[in-house]
1. Need one number: nm distance between label points at B:Ala52 and A:Leu829, each 7 Å from Cα along Cα→Cβ, rounded to one decimal.
2. How do B:Val113, A:Val391 rank by accessible surface area computed with a 1.4 Å probe, from largest to smallest?
3. Taking both sides together, what accessible area is buried at the B/A interface, probe 1.4 Å, expressed in Å² and rounded to the nearest 100?
4. Report the net charge of residues surrounding A:Asp205, where surrounding means a beta-carbon distance below 9 angstrom and charges are Lys +1, Arg +1, Asp -1, Glu -1.
5. What residues of the stretch A:809-843 lose no less than 40 Å² of accessible area with every protein chain in place versus their chain by itself (probe 1.4 Å, heavy atoms only)?
6. Could you tell me the relative contact order of chain A? Use alpha-carbon pairs under 8 Å, at least six residues apart, and round to a whole percent.
7. Put a dot 7 Å past each Cα toward the Cβ at A:His795 and A:Ala456; how far apart are the dots in nm?
8. How large is the Kirkwood hydrodynamic radius of the stretch A:134-260, counting all unique pairs of alpha carbons, in Å?
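The values are calculated or read from the model by the stated rules, or taken from the named source; none is laboratory data. Source: prediction; values computed, not measured. Positions of Cβ are generated from backbone atoms using ideal geometry, with glycine treated the same way; all protein chains shown enter the neighbour counts. Please note that ligands, DNA and RNA were not included when accessible areas were found on the heavy atoms of the full protein model with its side chains. Shrake-Rupley method; radii C 1.70, N 1.55, O 1.52, S 1.80 Å.
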Amino acid sequence: MDGMDNPTPGAARPAPQPAPAPTIVLVGHGMVGQRFLEALADRGVAGRARVVVLCEEPRPAYDRVHLTSYFSAGARPDDLALVPEGFMARYGIELHLGDPAVAVDRAARTVTARSGLVVRYDTLVLATGSYPFVPPVPGRDAEGCFVYRTIEDLLAIEAYAAGARTGTVVGGGLLGLEAAGALKGLGLRTHVVEFAPRLMPVQVDEGGGKALRRTVEALGVQVHTGVGTQEITAGPDGKVAAMALSDGSELPTDLVVFSAGVRPRDELARACGLPVGERGGIVVDAACRTADPAVYAIGECALAADGRVYGLVAPGYEMAEAAAAGIAGAEASFTGADLSTKLKLLGVDVASFGDAHGAAEGCLDVLYSDPRAGIYRKLVVAPDGTLLGGVLVGDVESYGVLRPLTGTVPPVAPEHLVLPAGAGAPVAFGPAALPDAAVICSCHNVAKGAIRAAVAEQGCTTAAEVGRCTRAGTGCGSCAKVLGQLVDTELAAAGIAVDKGLCRCFAQTRAELYETVLALRITSYRELLDRHGRPEARGGEGCEVCKPTVASILASLAPTIGLSGHVLDAGQAALQDTNDHFLANMQKNGSYSVVPRIPGGEITPEKLIVIGEVARDFGLYTKITGGQRIDLFGARVEQLPRIWARLVAAGFESGHAYGKALRTVKSCVGSAWCRYGVQDSVRMAIDLELRYRGLRSPHKLKSAVSGCARECAEAQSKDFGVIATAAGWNLYVGGNGGATPRHADLLAKDLSDAELVRLIDRFLMFYIRTAERLERTSVWLERIGLDHVRDVVVHDSLGICAELEQLMADHVAGYRDEWADTLDDPERLRRFVSFVNAPDTPDPTVRFVPERGQIKPLLPLTVIS
Amino acid sequence: MTAPAAPGSVQLLLPGGWFTACPVGALEPGRGVAVLLPEDAQAALFLDSAGAVHAIGNIDPFTGAAVLSHGLLGSAAGRPYVASPLLKQRFDLATGRCLDDEAASVPAYPARVVG
Ligand SMILES: Cc1cc2nc3c(=O)[nH]c(=O)nc-3n(C[C@H](O)[C@H](O)[C@H](O)COP(=O)(O)OP(=O)(O)OC[C@H]3O[C@@H](n4cnc5c(N)ncnc54)[C@H](O)[C@@H]3O)c2cc1C
């Protein structure tokens, strides 16, 4: 391929500096390490200095705080990623994954990595975090013993749990309860063994511990407090079998997770002679410098100037900011942080803040407890009324308001702050009552005043926008609720109505625009914007949100409103998203993919050979997809027409992989071949795919047909899925894979072929008509309710079914292959050039390197791994 | 670069003078094209719906890919911008400044249609 042997530096790399740039080496790419890099970038240092990162884990920094969402919310490792896309490349940061530092030579100022790499530094920053402490009990190395700290730990636990029935967590602290929740979620009978007399001894007091225990036990987790683990016994196969407890009892268990605290990873610092604390932790001053002024330590590995090692992320972030400030030549210091926490553990809300244990002299407790509801609230108050801290279990609604009030005398008496609403609290007490100086987001230290300013002065109208402006709410997320309330209060105060409009150009929702286009037979974006757009947007350029949305509505309704169906025709072409505009999907290096339709996943040997030949002749990467077709990657824009000419000649047509449109209808082999099949699922899948091909919709649509109840085609994870029964077909709707999987709901049973098609017609058209932009059927169905959808499409409660069917009939009759039509039209083909002034010159930045016998993109600045 | 350009040509101002890219008729309102500049550099050239031409660097600084010419145009407070097709950051067509990240920008080239 072009340029394959020519890995030139990228255009985004900063211009070479006249003087040699100083080198900053970061050891450890965890949460705090990444925050440090962002702080360097914010201060403009990352562009000027050479920054090298040694990362022990096999992946870049991720959100350890939300690790458990991997189990609880189905997050995939990538969803936890913390590094903004393109971040490393933009600042030219060299990231070495899976290559830990093994030695530091402070005299020579070098760091040696396990791979043998030696980097000279001007400044060294240690952000090595902690390791889980495993108490020295006999048997702790048996197979089936784990810790809970990294994504790799989770993957190992998950794999092992598949063959286990009981799991035990050693340690009933914050992390122990998270781990217990994870084991429960994996379907294990779960025990927690805690040495202290209560759960979460560090965060909650005795009363709170009791409330917590009741709720945790009600969830089916067995709690053993006041007992220690004495030995872990393994079976003859070397795998964990039981645990002996200090009260003489034995707890049979297949799996053990140690969660007995963490210890700072200060081994590198010790080995190079930097002072560490008696109980571990690299000694640093308020500027986060170690005894060697060229070396900093931040995060959980550091022993801060106040003599503490902090095991929470917010203080780590403050240290990262302090170190970056110091390196940039500014002043900043970290002198200690507040240990407030708010968590949801096993579904139980727990919060503690300030002086939760009432350690201050002369302080008083104000208590409210409702054991039946599992609610416990305690505030610690000084004799003069100053709020010092508190513990909340079961209902932490008031945390967002109470924590910022810590250190002040609250505007209402403390008993009103712990009593349940309606039980005599005289004033509505919301975030509006907080002073401007109150810190709302403690992870990023954002005060109420800054949030108000973001709304009033910077024009933010949503919590997400405020987050982008101020970072509030983008850490642990515990302030999200208060933040939302504050934004709404501020907007209301400023007289700004909360806007449900599609974008800055239209005040209507997508569904409202659809109705407008249909009712008034509007056929152009210009007309819609100039007549129905927001006054300030009329006559303007529009934006990247509404253009593709309107393009999709026009395409869905094209035959009905009397518009050419082709997305590249005058007036429509300029609106299309880049992918629709080139009838191909743009990939990360600016090349495109080519995806021919293979209805139902059925393909003849001749067609398979054509795909192979085309891929070979154009040097494309080929991959079989989950949708039972073959994607070809790495086409340059000027090659697309030639590639498609070959495919169309062989009988292929567009697969619409680039559009918010029907993608594929998967199938199993069905009754033609399978001895279990009860209906011909392949034929039905092909019929459905050909019927709905090219249908533009608010989001992509996926489907599948299974030939029997064994469900090999996974129809219940699709937008519409069909499963054969002895009597016909069952139709499921609203399923989804992806980050938030959803099982589809049964819409109707035992349908004939004709009934099935009619119901799908209505369902799809009702979705297209009423869904919001980029709203998948799953989300739409949850929003408007399955019963409502069934009433409308099965029982015709709105009397619109005939119209929905007619719209679909128009679509089916009007379908034409977009690629064949494009190849026939010189005007449409004009856009497929690399450069307007050099149409056939390949874009020199589109480059590939070989991998496993195929190509892969070479990015101008590939992250070094 | 010194030969007089035909009327209706679009030109970009480079350090060495006006560079002729293409006839204005080659542009589609609301979209862009890539222009190959001397020394393998490239620009993204756009025609907005009001008929004005704009040119900025074609390389998206967030990904290093030469794709800005394939992005969608929009306007914010009356100023036209292009949204990168990869990660959707917006770039002001007059200045090349990224509207979503102050630290990022691309070159901006004055552009004109020869009368
Ligand atoms: C399940 C779980 C839930 C949590 N929940 C919360 C919460 O709700 N609130 C909260 O505030 N905190 C929570 N924490 C704690 C929080 O994750 C830590 O405080 C935070 O991650 C500390 O960041 P760090 O960068 O100091 O350490 P880490 O994120 O641990 O990163 C250190 C990195 O350095 C690497 N490293 C170590 N030695 C070397 C070497 N020699 N060379 C190269 N790399 C090295 C490690 O592999 C690691 O990737 C939780 C932690 C866990 C495990």
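1. For B:Ala52 paired with A:Leu829, the spin-label model returns 3.6 nm.
2. Details: B:Val113 60, A:Val391 0 Å².
Order by accessible area, largest first: B:Val113, A:Val391.
3. Numbers: alone 6090 and 37510 Å², together 40510 Å².
For chain B against chain A, roughly 3100 Å² becomes buried.
4. On the way: positive: A:Arg198, A:Lys378; negative: A:Glu206, A:Asp365.
The answer is 0.
5. SASA drop of 40 Å² or more in the stretch A:809-843: A:Arg830, A:Phe835, A:Val836, A:Asn837.
6. Numbers: 1776 pairs, mean separation 76.4, N = 865.
Relative contact order for chain A comes out at 9 percent.
7. 5.2
8. By the Kirkwood definition, the hydrodynamic radius is 14.4 Å.
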